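Coordinate-derived values only; no laboratory data. As the structure is a prediction and not an experimental result, all values here were calculated from the model. Quick reminder, even Gly has a Cβ in these numbers, built from the backbone with ideal geometry, and neighbours come from all protein chains shown.
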Amino acid sequence: MRDIELKMIERAKALLESGEVARVVGWKKGEFYFDPMPAVFETVEELNDFVYNSFCGANLSKYLIKVSKNPGKTAIFLKPCDSFSLNQLFKEHRVIRENIYVIAIECQGKLSVEKMKKLGVSAITEVNENGEEIVVSSLYGETKFSRDEVLLGKCETCKSKVHQVKDEEIILREMQAGKKDRFEDVEKLEAMSEEERFTFWREQLSKCIRCNACRNVCPACSCMKCVFDNPASGIAAKANDDKFEEQLFHIIRAFHVAGRCTDCGECSRVCPQGIPLHLLNRKFIKDIDGLYGEYQAGETAEGKTPLTSYNEEDGEPSDVFKGEEK
Amino acid sequence: MLRIAKEKLNALYAKINESMGLFIPVKRAGEVNYEIWKEGKEVSLETLKTVKSPKNMFFPSTENMMKFKTEGKALEIVDVRDEKKPFVLFGVKACDYKAIEVLDKVFLADPVDTFYQARREATTIVTLACSRPEESCFCGVFGIDATSPLGDATSWLDESYLYVQANTEKGEALIALIKEFVEEGGDAEVKAQQEKTTEILKKLPFAQLDLSRFKPENLNELFEAPQWEELSEACLGCGTCTFVCPTCQCFDIRDFKTHDGVIRYRCWDSCMYSDFTLMAHGNSRTTQMQRFRQRFMHKLVYYPSQNDGLYSCVGCGRCVNKCPQNLNIVKVIKTLGGKKND
Amino acid sequence: MQEVTEKKEFTPNIVAFCCNWCSYAGADLAGSSRLTYPANVKIIRVPCSCRVNPTFVLKAFQQGADGVILCGCHPGDCHYVTGNYYTRRRMALLFSFLNYMGIEKERTRVEWVSAAEGAKFSEVMNDFVKTVTALGENKRLTDLRVKEGK
Amino acid sequence: MQRIGVFICWCGSNIAATVDVKKVAETIKAEPGVVFSDNYQYMCSENGQQLIKNAIKEHNLTGIVVGACSPRMHEATFRKAAEAAGLNPYMVEIANIREHCSWIHKDMDEATEKAIVLVRTAIAKVKLNAPLTAGESPVEKRALVIGGGIAGIQAALDIADAGFQVDIVEKNATIGGRMAQLDKTFPTLDCSACILTPKMVDCAQHENIDILSYSEVEEVKGFVGNFNVKIRRKARFVDETKCTGCKICMEKCPSKKGLNEFNMNLDTRPAIHIPFAQAIPNVAVIDSTQCIKFKTGKCGICQKFCEAGAIDYEQKDTFIERKYGAIVVATGFKPIALDNFNEFGYADNKDVITSLELERLMNAAGPTNGVLLRPSDGEHPKVVTFIQCVGSRDTSGCGKPYCSKICCMYTAKHAMMIREKYPDTEVHVFYIDIRTPGKNYDEFYRRAVEQYDVDYIKGMVGKVYNENGKLMVQGSNLIDNEQVTIASDLVVLATAIEPEPSVRKIATLLTASIDTNNFLTESHAKLRPVESPTAGVYLAGVCQGPKDIPETVSQASACAAKVIGLLAKSKLKTNPCVATPDEAMCNGCSQCANVCAYGAITYVEKEFRLGGGKTEVRRVASVNPAVCQGCGACTVTCPSGAMDLRGFSSKQIMSEVEAICKK
């Protein structure tokens, strides 16, 4: 990873120095090895804090909505999955292609500190990557994990290692898509009874604190004003007051991003309560694929989405349950 | 010092639950939060940090305040407060206990928040000492000793026993209630654990944060600090930090239409939200930087300046763990706090 | 025994969204043909079925509706040419999703009823009421606060 | 504070027999906001309306609810009454307590209770109604007809006769279209040119018609009543105002080997040419891909001989922009390419021809001067075999899934004409079904069979192959259940027709919807068959679906009637119940425009004030109220809820939902 990081810094430097871009969006060092944070670099000096490692899971594309409004071109480092999101933002005119310089970067799957902690490690002081082996040092000792064990949830089912948009690339090694089928967990839920599914989601969603992290991180949730923040919408609410609201928020959010969600997995990554929110969006993706033909949001920067198009031969709403009864 | 064998704990919870409510860390769908205890729930005292702090025991995320009942054109105001049944808040860590002190200064100061007060008075708090602090912990910076928290009673946990000691009358009463489960002993074990934990606490990466510049006299200088822009640039404006924070106390008041009237309720609000402090003329804070600054200025400057230097951060580290983009108060303290940080 | 009588007493509350050009007219025809259906079906007139936002469906459930039905022109006959094609996709996905969340699939329905199909309108409503009655009260998607104080 | 008045109608006993109207009116009095509530035998009557008007004035009502029959019946009546009393007509809501209540319920208590809920629901809505005013837009009193075939000609003549200006834009050098190529027309067998050319002349001479031949529509902006159209006038290298149509240039032109499109490429024509004798305008055009002057720079013979001095090799495409109130699309059709039908040997055998080629071979002005001669050797064919449904009703994907509609009839015509002129010729027709739904059509077909002895064989042809100079047509005879092979001299393929391909571009320009077969979609298949869903755009002829000449002419006249109706208005009243975006919330994401069937939504860059004296330019949706039909599709697709529909706002509908759910 370090070699990539160095190349990235080198490119960022060159782009800033030549004046080709006015700023570079990337990550900067946090307090630890495992908590880098998204950052905008405007000078070569600022690049001293630049970092790219296995904990740079954040999808940076949404920052462009705001950042790229400033004068000059904005360069951004995108992992393959993030590039889908940016394309979708292009499609929705939220970001203008001409203002962006995309540097496609290598990603071998990102890691999750939360997972390490759930596996019993605490007071982590250092993480060392040794290929597939992850060595975690803490005040209580040293623990070794395999990369797969502590892979970020969204990376387990990585849908593609192909960048959908790029101006140049920094890729030194071959990348592999996820080992797990994207729809496996959705299918498990589908196989349950209505009652069981209801219980599953009740348990999960009752944890929701309505912090809006899922919404605010979501590149598809880019509304100027969200319906849930708008008293005129009739469904505005802050903290959940009732079980219904926990569901309403997540149902409406999933519907609003249906056909636009690229399945970048940020919602689940950021949820402080560990709710598998991506399973909501993936249901829509799976249904769309099955009912209206395979569709991957963000694959192109043009065209209509499945919910803004139709086919005269589309099935009836009642048809969606037909397979089940057989 | 008294002790309770770990295997008896479930029976002990049941006993408490007979006469009082019991609020305790419970694991649900993989995460641990405080919940009302019920037979069959998976209690998890070992968990260092619940996702939400126990503050929602006194200051729930939503709470009905009154109801307007309508019938035709007639309107009636209904008081919806019910008498608070006594309950026990079990397993509160030192930082979270300190946070209750921070909240008390807001809600119990004049004018008293009677909703909060009723709950607060009905509660017996049993704290639990930490034995395995983690890298994000920095309660020591605020003078909190994680190994011997206060409360109506204090407890310590090891592999075999829960050790407990009453600090107040309420605590004594609780111990009297559960006396069938307790036996003498444990002074040595507790002491050993405390010493061991203290050693770890010293080594924690954030143990030496310097707060020296967060003083009322530096208010203007801190407010105008150019670093806020950079500190807040990745902020998503979500409310995670405020909702997991044990000391955040802001709420909004809203109405909900029912079949026969309107319920007026309050719910947690977050200064990170764009409609926070929205007024008829607009909002005094229009950028995320301003909102971000507000949160930390309040925790580290405004609140202490009104409360004898008491910071409204207790170093629990929840925001450090939970911020989606890894922004947090530690970065703010390091950037603006004082020379020692450099 | 008691349970049986309780179930009989339950009359579901049904919200029907009808497009102005076909289904609302179909309901009018059901009326003028004196084709009866239960009084607990109440109709909201919308210009086109594509005006029905999923939020309206959820709002109805939140407010305690036990079943929600959307009626529009037959596909291909939409007064606005393509409106009901969008409805068809939206509602297929929404209903499938609600079911995925554990909401009984029988509580939601889309039917195409033309202005000439008064008889069909009445049949559809009778059948829907019967189905929802058998299902019982909507407990999974109601905001309990609306009934507070009752 | 709202002041709502409620009026409950008895409708004689229609409502009052099952709904306790007095109880409803009485109960509703207690509703918040209601200041007046009454009941009356017939609200729609003069007296009933007076009651409403009086109450509006007396109680200073801000909104009214009428509990009566379906709004589809009397909404307009009560709106007018409200307006007469000074209340905005859109402050009226109807609670349908007849069709949706009294007529379907028998139990009085139940019906009364439901009526109360329905009235409450209407009150909940009317409280959120806003006064609306129908907008007005001016009408440009000029029509554009795209396509100069019989459909365009007929539409243009009818509109022009009503006194409105019409422009015909025709991409070819002359108007006339497909009909000009036909020899005779069914079922009367009168000469196509004889009935078409006078109409062409009429067009040319009509003071209200401007023919823009050799021109194409380049850009369309605006909306119903106010279209701005940019038209490309292609360079024909002949000055239209000078050319006298003397044809000397055609005689002198040394490059005479150009394929003659008008004759379906069956013969040749000079590089400079007038497509056919009766062309309108009777003006030459130079095919620059063929012309020696253009290829080598040398020649210039036509210029030398043109006495009028009309030849201009330097001519460039020019553009004109005009405003129109209405647009008629009449782009017509072409026979499909037969690349997918090798089994019929069209590409390999000169004597396998399409029906349209046969038309030219039979036409006195055609390449053979009307004598039926085989293209291969110029001999009279003795056995002619027709194959129907070539590419029509084809679900294999090679052809078209639809019936081309005209082939059965023209094949009967061709068969008859051949038998009439050359009685010694054997004529066979392979068919799947014979479809003759039209006045005198079946009689016509029967004449072919009975009087002219045409051999109709029910069955499909599998193969056509050349054997010793004979075209062997191998097919099945389903009636006799046998395989037949007919040695023929000429094989005629009744080729499927498809919309002229350029219609796609035109549909895009007009935001008119188009189906998978490239036929333009009508607004309603039964009730609005000549209108496109895009307001102000009308459809004539085969561009909308396969048709024969009589149908095309009828549709063209119907279009003209619609256009005249539109242009006769001085202003257009627009439906005020249209979508409106809240620009402050609009993300500019284009999703709403993607679902708008009418192209009513465009995007504009607008400057918005941010805090602290800063401004920001954002892309926001803009709805043209003259074009929006108010379906609401866009409102649901808008995630932020910025798009709302007047008269059916989200708040209104949710308020109705709440009122219904209250138990």
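A dipole drawn for segment B:179-295 from +1 and -1 charges on Cβ atoms has a positive end, and of B:P246, B:C271, B:F181 the residue lying farthest that way is B:C271. Of the peptides D:80-93, D:241-254, the ranking by mean beta-carbon count within 10 Å, highest at the top, reads D:80-93, D:241-254.
A viscosity of 0.890 mPa s and a temperature of 25 °C, combined with the Kirkwood radius over C-alpha pairs in the Stokes-Einstein formula, give segment D:395-550 a diffusion coefficient of 136 µm²/s. Its DSSP H runs of at least 4 residues, each contributing -39,500 (n - 2.57), put the calculated 222 nm mean residue ellipticity of chain D at -7500 deg cm²/dmol, to the nearest 500.
In this simple spin-label approximation, D:K256 and A:R97 carry label points 7 Å from Cα along the Cα→Cβ vector, and these lie 5.3 nm apart. Using Cβ point charges alone (K and R +1, D and E -1), the dipole size of segment B:208-342 about the Cα centre works out to roughly 300 debye. Return the long-range amide H neighbours of A:V51 (sequence gap of 5 or more, or a different chain), with a cut-off of under 5 Å between placed amide H atoms. Amide H neighbours of A:V51, under 5 Å, 5+ apart: A:W27, A:K28, A:K29. When only alpha carbons are used to place a centre, segment A:224-244 and segment D:13-40 end up 36 Å from one another. In percent, how large is the relative contact order of chain B, given Cα pairs closer than 8 Å and 6 or more residues apart? Worked out over chain B, it gives 21 percent. Under conditions of 20 °C and 1.002 mPa s, segment B:216-341 yields 135 µm² s⁻¹ as its translational diffusion coefficient, taking Rh as the Kirkwood radius over Cα pairs in the Stokes-Einstein equation. Report the relative contact order of chain D, percent, no decimals, based on alpha-carbon pairs under 8 angstrom and at least 6 residues apart. Normalised by residue count, the contact order of chain D is 13 percent. Separation of segment C:81-116 from segment D:438-478 is 50 Å, based on Cα centroids.
Using only the C-alpha atoms, the convex hull of segment D:172-281 corresponds to 154 Å³ per residue.
Put a plus charge on the Cβ of each Lys and Arg, a minus charge on the Cβ of each Asp and Glu, and nothing anywhere else: the dipole of chain A about its Cα centre is then about 760 debye. If you take the alpha carbon atoms of segment A:283-324 and fit the smallest convex hull around them, that volume is 77 Å³ per residue. Under 5 Å between amide hydrogens, built in the peptide plane, is the criterion, and for D:F223 it picks out D:N228 among residues at least 5 positions away or on other chains.
Here each label is just a point 7 Å from Cα along the line to Cβ, and for D:K304 and D:A30 those points are 10.6 nm apart. Computed on segment D:248-305, the Cα convex hull volume stands at 77 Å³ per residue. Packing order of peptides B:282-289, B:249-256, highest average first: B:249-256, B:282-289 (average count of other Cβ atoms within 10 Å over each peptide's residues).
Taking Cβ separations below 4.7 Å as the criterion for a possible disulfide partner, the isolated cysteines in chain B are B:C130, B:C137, B:C235, B:C238, B:C250, B:C267, B:C271, B:C313, B:C323. Helix-only arithmetic for chain B: the sum of -39500 (n - 2.57) across DSSP H runs with n ≥ 4, divided by the residue total, places the mean residue ellipticity at 222 nm at -8000 deg cm²/dmol.
For segment D:248-305, the relative contact order comes to 35 percent (Cα pairs under 8 Å, sequence separation of at least 6). Within the shell defined by Cβ-Cβ distances under 11 Å, the residues around D:R322 carry a net charge of -1, with Lys and Arg each +1 and Asp and Glu each -1. Largest first, the three principal axis extents of the alpha carbons in segment A:79-235 are 55, 48, 34 Å in whole numbers. So what's the back-of-envelope 222 nm ellipticity for chain A, counting only DSSP H runs of four-plus at -39500 (n - 2.57) apiece and dividing by all residues, rounded to 500? Mean residue ellipticity at 222 nm (helix-derived): -9500 deg cm²/dmol. Spacing of the modelled spin labels on A:K13 and D:R446, each 7 Å from Cα toward Cβ, amounts to 9.6 nm. Each residue of segment D:90-104 is assigned a 3J(HN,Hα), and the resulting list reads 8, 9, 10, 10, 10, 9, 7, 9, 9, 4, 9, 9, 4, 7, 10 Hz, derived from the Karplus form 6.51 cos²θ - 1.76 cosθ + 1.60 (θ = phi - 60°), x at Gly and Pro. Projecting the Cα atoms of C:V52, C:V110, C:C78 onto the charge dipole of chain C (Cβ charges, centred on the Cα centre) puts C:V52 farthest toward the positive pole. At the listed q of 0.16, 0.22 Å⁻¹, the Debye profile of segment D:579-646, built from one uniform point per Cα, gives log10 I(q)/I(0) equal to -0.49, -0.84. Rg and Dmax over the alpha-carbon atoms of chain B stand at 21.5, 70 Å. Restriction of the GluC sites (Glu not before Pro) in segment D:302-356 to DSSP coil positions whose beta-carbon has at most 16 other beta-carbons within 10 angstrom yields D:E307, D:E314. Phi-derived couplings, Karplus 6.51 cos²θ - 1.76 cosθ + 1.60 at θ = phi - 60°, listed residue by residue for segment D:371-380: 8, 6, 10, 5, x, 6, 10, x, 8, 6 Hz, with x used for Gly and Pro. Per-residue shielding of D:67-74, expressed as the average number of other chain Cβ atoms within 10 Å of the residue Cβ, stands at 3.
Against the compact-protein benchmark of 2.2 N^0.38 Å, the Cα-based radius of gyration of segment C:2-147 scales to 1.03.
The ellipsoid equivalent to the alpha-carbon distribution of chain D has semi-axes of 61, 33, 22 angstrom, derived from the gyration tensor eigenvalues as √(5λ) and listed largest first. Peptides B:81-93, B:290-302, D:440-452, C:45-57 ranked from most to least packed by the mean count of surrounding Cβ atoms within 10 Å: C:45-57, B:290-302, B:81-93, D:440-452. Across all directions, the average flat footprint of the convex hull enclosing the Cα atoms of segment A:42-149 is 8.5 nm².
In units of the compact-protein estimate 2.2 N^0.38 Å, segment B:2-203 shows a Cα radius of gyration of 1.13. With the convex hull of the Cα atoms taken as the outline of the protein assembly as shown, the averaged projected area works out to 67.4 nm².
Averaged over peptide C:29-36, the number of partner chain Cβ atoms lying within 10 Å of each residue's Cβ comes to 5. Alpha carbon centre of segment D:560-579 versus segment D:50-64: separation in Å? First find each Cα centre; the distance between them is then 32 Å. Counted over segment D:239-377 with a bin width of 10 Å, the fraction of Cα pairs per bin, in whole percents, is 10, 30, 30, 23, 7, 0. Using a 10 Å cut-off around each Cβ of peptide D:586-597, what is the average number of partner chain Cβ atoms that fall inside? Per-residue shielding by partner chains comes out at 6.
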